[in-house]
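The structure appears right after this line, and notes come after that.
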Amino acid sequence: MRKNFVLDTNVLLHDPSALNSFGDNTVCIPINVIEELDQFKKDMSELGRNARQVCRMLDEYRTLGNLREGVALPSGGRLLVAFSERPLPKMIANGDHPDNRIVATALDISRIDPQMPTIFVTKDTNLRIRADVLGLTAEDYDQERIELEDLYPGASELDVHPDAIRQLYADGRLERPAGDYFKNEYLMLRDESNPTRTALCRVSTDGEAIEPITHFRDGVWGIRPRNREQHFALDLLLRDDIKMATLVGKAGTGKTLLAIAAGLQKTTEESVYAKLLVSRPIFPLGRDIGYLPGDIEEKLNPWMQPIYDNVEFLLGLSKQDKKSGRGYHELFDLGIIAIEPLTYIRGRSIPSQYMIIDEAQNLTPHEVKTILTRVGHGTKIVFTGDPYQIDNPYVDSVNNGLTYLVEKFKQEGIAGHVTLYKGERSDLAELAANLL
């Protein structure tokens, strides 16, 4: 049965392609949504770019027919722009508010043909509640929704025959056991006759075998992995055949520290990459870095201080070193590390660099795509973040760009993923992360 889908403004700002995401159903845009888009279209942020894209698409459809009567969509459905003069119930305060006018339009559409289901789609939780109370079926726009409990973890355990572990280390390769394992998935093999005997390995890039991973006895820039997930993460971060890595974990699991250590190893010690490029979303992504005095680095200091702290920790500077003026600035002055805002990444091509995008859970899927399409030849990119710590009001723990990436790339041989569980920052930080 065909349905009417009435879209709220935030759905189109989140994903401009939503116009074509409802199959052969009717997509209804309240005229108040057009007015709200008009307020965003001059903005230089990602929201402004999305608003302009939606307006251009609507204008193109306008040339194909009358939007009030409906225009055919490539998906087989129809697109129409609707409005309503119907007053809302008196218990709804401020009935002329754009949100309430959008709900009124959805109510009007639902009454035109009661036999045709009407679904109001919005990412605004409170608006879904109000719509539901007024008798509308309201849903979140969950085109890329991924429940965290079902998120691909990147690693698993497997009980094997004792000979399997011996063969793995003797031959450096073992035929992949039966089961659903992805390329580059990490495994901990456990001797079924002696559970204390284990081996850390990974599924090969071609997906046909499993291979042992590197043991980091000497550490990487003074950092030694403290648990098996950190072993997996370092192996992933240092592999040249992996061009995109994702690290997910709560605060204190070592995501950013491990990524920076691996990046410094690859740029300074092995010279595989020309530079280590680090960035974090300036919330919200695309917001100008302001009219504060100073250069870009000075303006970015409040957002990038966690990066500086990690670099300083890796350098292992003594109090005397700091008193004499030594610090992380030396690496920046030499051009080994660069800190750049994501604001100006559009249109760039970034070759031969080790890129780290920290706090990637605050990115939308569209923003992640924008970043990835900037990656040039010879560049490796690492996304790190915690889906439970989201500051962006337009994404949540199940539809952010980081979890979207994990699921979309889990079957690709060029990418890998590790979820870190155990906090290693301090006993107090780990307790706080678990209890609070």
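Bear in mind these aren't lab numbers, they're just calculated from the coordinates by the rules spelled out. Everything numeric in this text was worked out from a predicted model, so none of it was measured. Every residue, glycine as well, gets a Cβ built from its backbone with ideal geometry; the counts of neighbours run over all protein chains shown.
Extension gain, ILE31 to THR137: 0.36 nm times the residue separation minus the Cα-Cα distance gives 36.2 nm. The stretch between ARG52 and GLN167 holds 35.5 nm of extra length on full extension. This uses 0.36 nm per residue minus the Cα-Cα distance. In plain terms, the chain is cut at each of the chymotrypsin sites (Phe, Trp or Tyr not before Pro) found in a DSSP loop with at most 16 other Cβ atoms within 10 Å, and the longest leftover piece is 84-215. Positive-end ranking of HIS377, TYR141, CYS201 along the dipole of the chain, with charges on Cβ about the Cα centre, is headed by HIS377.
Just checking the listed ones, ARG228, ARG52, ARG111: in the Gaussian network model of the chain with Cα springs under 10 Å, the one fluctuating most is ARG111. To the nearest 500 deg cm²/dmol, what mean residue ellipticity at 222 nm is calculated for the chain from DSSP H runs of n ≥ 4 alone, each contributing -39,500 (n - 2.57), summed and divided by the residues? About -10000 deg cm²/dmol. Residue-wise HN-Hα couplings along segment 14-19, as the Karplus relation 6.51 cos²θ - 1.76 cosθ + 1.60 with θ = phi - 60° gives them from phi, are 6, 8, x, 6, 4, 4 Hz; Gly and Pro carry x.
Rounded to the nearest 20, the Cβ-based charge dipole of the chain about its Cα centre (Lys and Arg +1, Asp and Glu -1) stands at 600 debye.
The angle separating the long axis of helix 98-112 from the principal Cα axis of greatest extent in the chain is about 60 degrees. Relative contact order of the chain, taken over Cα pairs closer than 8 Å and 6 or more residues apart, is 16 percent.
Amide H contacts of ALA209 (H built 1.01 Å from N, in plane; Pro and chain starts excluded): ARG176, SER204 sit under 5 Å, all sequence-distant by 5 or more or on other chains. Using R0 = 56 Å, the C-beta based FRET efficiency linking SER426 and SER75 works out to 0.60. Using a cut-off of 28 Å between Cα atoms, the listed pairs LYS183/LYS369; LYS3/LYS410; LYS250/LYS410; LYS123/LYS255 include LYS3/LYS410; LYS123/LYS255 as exceeding that distance. In a fully extended conformation the segment linking ASN66 and HIS97 would gain 8.5 nm over its present Cα-Cα distance, using 0.36 nm per residue.
What residue among LEU342, LEU264, LEU73 has the largest mean-square fluctuation in a Gaussian network model of the chain, using Cα springs under 10 Å? Ranking LEU342, LEU264, LEU73 by mean-square fluctuation puts LEU73 first. Counting only alpha carbon atoms, the long axis of helix 46-62 and the longest principal axis of the chain meet at about 40°.
I need the calculated FRET efficiency for the pair ILE112 and GLU330, taking r as the beta carbon distance and R₀ as 60 Å, to the nearest 0.05. Efficiency, from the Cβ-Cβ distance: 0.30.
Between ASP24 and ASP38, the modelled labels are 3.6 nm apart [label points 7 Å from Cα along Cα→Cβ]. When HIS377, HIS366, HIS14 are sorted by how many other C-beta atoms sit within 10 angstrom of their C-beta, beginning with the fewest, the order is HIS377, HIS366, HIS14. Sites counted here are GluC sites (Glu not before Pro) in a DSSP loop (not H, G, I, E or B) having no more than 11 other Cβ atoms within 10 Å; the longest part of the chain that contains none of them is 271-436. Here SER110, SER279 are placed in order of increasing Cβ neighbour count within 10 Å, fewest first, which gives SER110, SER279. Taking every DSSP beta bridge that has both ends in the chain, the antiparallel portion is near 20%. Long-range amide H contacts for ALA138: which residues qualify at under 5 Å (H placed 1.01 Å from N, peptide plane, sequence gap of 5 or more or a different chain)? The answer is PHE120. About the centre of its Cα atoms, segment 174-279 shows a dipole size close to 540 debye [charges on the beta carbon of Lys, Arg (+1) and Asp, Glu (-1) only; nearest 20 debye]. Both numbers refer to the Cα atoms of segment 101-184; Rg and Dmax are 25.6, 73 Å. Using the Cβ-Cβ distance between ARG346 and ASN126 with R0 = 35 Å, the FRET efficiency computed as 1/(1 + (r/R0)^6) comes to roughly 0.60. For the pair segment 230-247 and segment 351-410, the centres of their Cα atoms are 15 angstrom apart.
Helix 31-40 and the long axis of the chain differ in direction by around 40°, with both axes built from C-alpha atoms.
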